[in-house]
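Have a look at the structure below, then the notes.
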Amino acid sequence: MSSQDQPQDLASKLDEGYLIDVLMELTKVPTEVPLGADTFMEPDDPKLVHYVQKVLRPKLDALGVTEIFDVPDNQLLIRYGDGTSPASFLVMVYTPIQHHNLMDEPFSGRVANGAALGYDEACVFGQGVSQIKAHHAVMLAVLKMLTEQNVRLPGTLYFAVNNEGRSSHRCTEKILQSLDSKPDFCVLLRGTGMRISLGNRGRVDVNVEIKGKASHSSAPDAGLSAIEGANEFLNRLKKLQLPGSHPILGGRHAIAYQIVYEPLAPHTLPETARIRVDRRLLPGDDLDEAVEEVREAIGDLSPYEVIVSRGTHMWPALVDPQHSGVQALTEAHRKIYSEDPETFYGQGTFDAGGPCAAGVPAVMYGVGGGESMLGDDFAPVRQVADEARVLGHTIMSLLG
């Protein structure tokens, strides 16, 4: 099939049986971040190494994909296209599962009706299905479609398997450095409910360590409880007013989202409190200034010793809805659904800010599902196939 063929002809070649079979198989392979205080996952975590190298890579090889490149941090980059045109398009899929941590049978990969959860249709259930696994299956099904039909693309298509699990852009930076040239557009396949995310606020972690003196809970005056120090810190943080807002992305905030006390021992008032503060960022915010605002809000916590440091960060993302890539994705969605996709600007922080900060407009799009952040995760079978077809149309529009 040449690039002159109509994109809808290509989309009709999608192997839905393969798509769902491979999704059910991938869902059974754990890549979740364990519950606990350590919410970061390194890219060389044994679970991710197994998944990327022993599960995904053999499937890519079996499809006859020839241009597969290793990227630092256990990542893969797939290149497809003739490269006779300067047009290029980057699609990224992610491996760590960060939500739906309390669902029953998280890695069953079962197919069942989702009527009880608002989807009266066949759905694939499993932890990470809507966040990552559905998009891996879509990547494989689209590459199968391209290779089997011998589609010739003048432009260059990149698929990247991204292992970012540290709430940073480090993995994306390694991927962008591995490309032949800067892509014109980037889509992060994520669980957006088939909506296009055009932007989001950024975030920097402010790490705070408060140190007192441990004592038995029967004799609190013999020590200096870190619990009391953390409580005073939280009271002062609540008073921090961050002025200004963005007309689209909203305002800034600084809120503690994790407290860990040490030591945790019987009837012991802890000596140390470690607190992570989520400081939301808007375009133009300076990381060090954001950290300094929190430090100033704390002030002097004597007699406690306090250490404030900058943790990981993710940049804000904001893409012009009139960008040619957004328009191509919109038109592709319209071909499948006969209406324009909904667009939105998320309140969370995502990796889209990494490519955007590097000059690559990046949006998020993909199948939805999932009951809540902790409950059941699922993906409607119909939407998974729709995502693959939309992506196929977008590829042909941008690169064909």
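Every read-out reported here was derived from the displayed coordinates using simple, explicitly stated rules and does not represent laboratory data. Nothing here was measured: the structure is a model prediction, and the numbers come from that model. Glycine also receives a Cβ, built like all others from the backbone with ideal geometry; neighbour counts cover every protein chain displayed.
Laid out as a table, the results:
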quantity	calculated
Magnitude of the charge dipole, the chain, Cβ model with Lys/Arg +1 and Asp/Glu -1, debye to 20	180 debye
Within the chain, percent of DSSP bridges classed antiparallel, to nearest 5	70 percent
³J(HN,Hα) computed for each position of region 335-341 - Karplus, 6.51 cos²θ - 1.76 cosθ + 1.60, integer Hz, glycine/proline x	5, 8, 10, 6, 7, 5, x
Rounded if a/c under 1.5, otherwise prolate or oblate - region 1-97, Cα gyration tensor axes	prolate
The chain, helix-only ellipticity at 222 nm - DSSP H runs n ≥ 4, -39,500 (n - 2.57), divided by all residues, nearest 500	-8500 deg cm²/dmol
Spacing of the two label points (7 Å from each Cα toward its C-beta) at Ala116 and Asp21, in nm	3.0 nm
Karplus-derived HN-Hα couplings along region 273-280 (A = 6.51, B = -1.76, C = 1.60, θ = phi - 60°), whole Hz, x at Gly and Pro	10, 10, 10, 10, 10, 8, 9, 6
Label-to-label distance, nm, for residues given as Thr39 and Asp70 (7 Å Cα→Cβ offset)	3.3 nm
Along each principal axis, Cα extent of the chain, largest first, Å	79, 43, 39
Global geometry of region 202-314, whether rounded, prolate or oblate, following the gyration tensor of its Cα atoms and the 1.5 cut on a/c	prolate
Long-range amide H partners of Val71 with built H, under 5 Å	Leu76, Leu77
Between helix 226-238 and the chain: long-axis angle, C-alpha atoms, 0 to 90°, nearest 10	60 degrees
Cα-projected label distance for Val260 with Lys238, points at 7 Å along beta-carbon direction, nm	2.6 nm
Distance from region 131-181 to region 240-276 (C-alpha centre basis), Å	35 Å
Anisotropy class of region 112-176 from Cα gyration tensor, a/c 1.5 cut	oblate
For Met364, distant residues with modelled amide H under 5 Å away	Leu188, Ser197
Acute angle (nearest 10 degrees) that the helix 16-27 long axis makes with the longest principal axis of the chain, alpha-carbon atoms	20 degrees
Residue-wise HN-Hα coupling along region 120-131, computed from phi with Karplus coefficients 6.51, -1.76, 1.60 (Hz; x: Gly, Pro)	7, 6, 5, 9, 9, 9, x, 5, x, 4, 7, 6
Sequence-distant residues sharing a close amide H with Lys213 (under 5 Å, placed H)	Leu224, Ser225, Ala226
Close Lys-Lys pairs in the chain, where close means Cα under 20 Å and separation is 8 or more or interchain	15
